[in-house]
Amino acid sequence: MYDYLIVGAGLYGAVFANEAGKRGKTCLVIEKRGHIAGNVYTEKTEGINVHKYGAHIFHTSDKEIWDYINRFAEFNNYVNQPVARYKNECYNLPFNMNTFTKIWPDVFTPAEAKARIEEERRESFTKQPKNLEEQALNLVGKTIYEKLIKGYTGKQWGRACTELPAFIIKRLPVRFTFDNNYFNDRYQGIPIGGYTAIVEKMLEGCQVRLNTDFFSDKENFLACAKKIVYTGAIDRFYDYRFGALEYRSVRFETEVLDTDNFQGNAVINYTDAETPFTRIIEHKHFEFGTQPKTVISREYSSAWKPGDEPYYPVNDEKNGKLYLQYKALADKEERVIFGGRLGQYKYYDMHNVIREALNEAQRQLG
Ligand code: FAD
Ligand code: UDP
């Protein structure tokens, strides 16, 4: 009999297991994939740490979380500065003075950029934006919306911007300085040696069973520990009894190229509607790599269907309501804790997941 059964060896499960271990509790971690680390998993190819489930940049303003994660790895000084490619044009992201002066060659100063955006906004301003299109038009006007947002967002979410909630775009900074840093957070970087090594350290001394699906033997697994920390999909736990929650999935096409520098940046977003992928990641640039070859991944966003990896919860109204039905059941569980991106059906970044897991460990274990 273990104190905790932890379903999923992703970041949430690993942080919780580490905290429980420190307090002398026994844990069994089961993971249905053939490796630990969940979606932050990195694997070496050609001497390059490849982010197998999409680019992961660690960023936070929470000093406690930054200090916590630095106990498991040293971080480099990578700052995410993605570039947008729209047909034959390249623009800096997020939307900042570098973007504005290139989009509008007669704009040079913040005042001129603001005036130009204001001019464009006047044509389409909506007092209370109800969807992503209205929100984006209010924020940056028509030209930027059409070149840098409309096509990318449509591909990413598989539906028109008029059908998406406004909050999705609020994640992106709009700045009137020449600053290409994608995040506003105080701390940022990529762990030297990759993310898998972090999770390995977190799980040191803990029993981990890979290739083990909780649902292959649910009854026995439920009986093998006093409490269960479940980080899989919450709707799956309840056999989809109210219906399936929607997710977005991503297909990664990864290849090794015989060149030392394919695109000159870690992340290039393809913001037109015609290019079928959303972005290309060139992994070596996350760690300033000087290897003779390079590894790139094209990301194709797709609707989730059973059997696919669920990546992004679709936090719109319909799914939000459905999630609340499942959450009502989860709240009544005395022995099962639902955690992480899938367990709580939330668009969590890594720092959020660590914060949630540490808080839960504190509540459970003191
Ligand atoms: P997961 O990593 O999904 O772990 C859950 C684990 O449970 C998985 O390993 C899964 O296989 C396992 N599991 C599920 N069901 C079962 C079962 N039935 N039995 C056994 N095991 C099971 N965050 C950032 O901070 N910065 C970024 O740049 C960033 N980029 C991202 C890019 C992409 C494409 C995606 C998808 C996410 C990104 N994130 C980023 C978010 C980050 O990946 C998550 O915050 C984090 O990985 C969530 O950890 P988790 O433990 O909740 O979930
Ligand atoms: N977005 C966009 N153009 C871009 C990058 C992002 O329109 O070049 C929009 C898109 O709707 C996306 C949202 O901004 O879903 C949030 O982007 P972010 O990069 O934070 O998404 P992530 O892939 O990290 O979840």
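For the chain, the relative contact order comes to 27 percent (Cα pairs under 8 Å, sequence separation of at least 6). Between the stretch 121-195 and the stretch 251-281, the C-alpha centres lie 20 angstrom from each other. Taking amide H positions as modeled 1.01 Å from N, with prolines and chain starts lacking one, the residues under 5 Å from residue 58 and 5 or more places away or on another chain are 189. Loop-located GluC sites (Glu not before Pro) in the stretch 193-258 (DSSP state not H, G, I, E or B) with no more than 14 neighbouring Cβ atoms inside 10 Å: 204. Across the stretch 224-366, Cα-Cα distances exceeding 22 Å account for 55% of all pairs. Near the amide H of residue 178, within less than 5 Å, lie the amide hydrogens of 97, all on another chain or at least 5 residues away, with H placed in the peptide plane. Measuring against 24 Å, Cα to Cα, the residue pairs 114/142; 52/346; 52/293; 22/284 contain 22/284 as the ones spanning a longer distance. Take every DSSP beta bridge whose two residues both sit in the chain; close to 60 percent of them are antiparallel. Loop-located trypsin sites (Lys or Arg not before Pro) across the stretch 265-366 with a Cβ neighbour count of 16 or fewer within 10 Å are 293, 335, 346, with loop assigned by DSSP. Based solely on its DSSP helices, what 222 nm [θ] is calculated for the chain when runs of n ≥ 4 H residues each add -39,500 (n - 2.57) and the sum is averaged over all residues, nearest 500 deg cm²/dmol? The per-residue figure over the chain is -9500 deg cm²/dmol. Along the stretch 330-342 the Karplus relation, 6.51 cos²θ - 1.76 cosθ + 1.60 evaluated at θ = phi - 60°, assigns HN-Hα couplings of 4, 4, 8, 5, 9, 10, 10, 10, 9, x, x, 4, 8 Hz to successive residues, with x for each Gly and Pro.
Mind telling me which of 323, 238, 145 comes out most flexible in a GNM of the chain, alpha-carbon contacts under 10 Å? Of the options given, 238 has the highest mean-square fluctuation.
Once backbone amide H atoms are built at 1.01 Å from N, residue 337 has 228, 229, 230 as its partners under 5 Å, excluding neighbours fewer than 5 places away on the same chain. Here the contact order of the stretch 223-305, divided by its residue count and restricted to Cα pairs under 8 Å and six or more residues apart, works out to 34 percent.
The ranking of 301, 61 from fewest to most other beta carbons within 10 Å of each one's beta carbon is 61, 301.
Counting only Cα atoms, the chain measures 71, 49, 36 Å along its principal axes, largest extent leading. Measuring between alpha carbons in the structure, the pairs from 150/201; 127/332; 32/63; 201/227 lying more than 30 angstrom apart are 150/201; 127/332; 32/63. Assuming charge only on the beta carbon of Lys and Arg (+1) and of Asp and Glu (-1), the dipole of the stretch 134-268 about its Cα centre is about 560 debye to the nearest 20.
A short reminder: the numbers here are calculations on the coordinates, not readings from a lab. Computed from a predicted model, the values in this text were never measured in an experiment. Cβ atoms come from the backbone with ideal geometry, glycine included; neighbour counts cover every protein chain shown.
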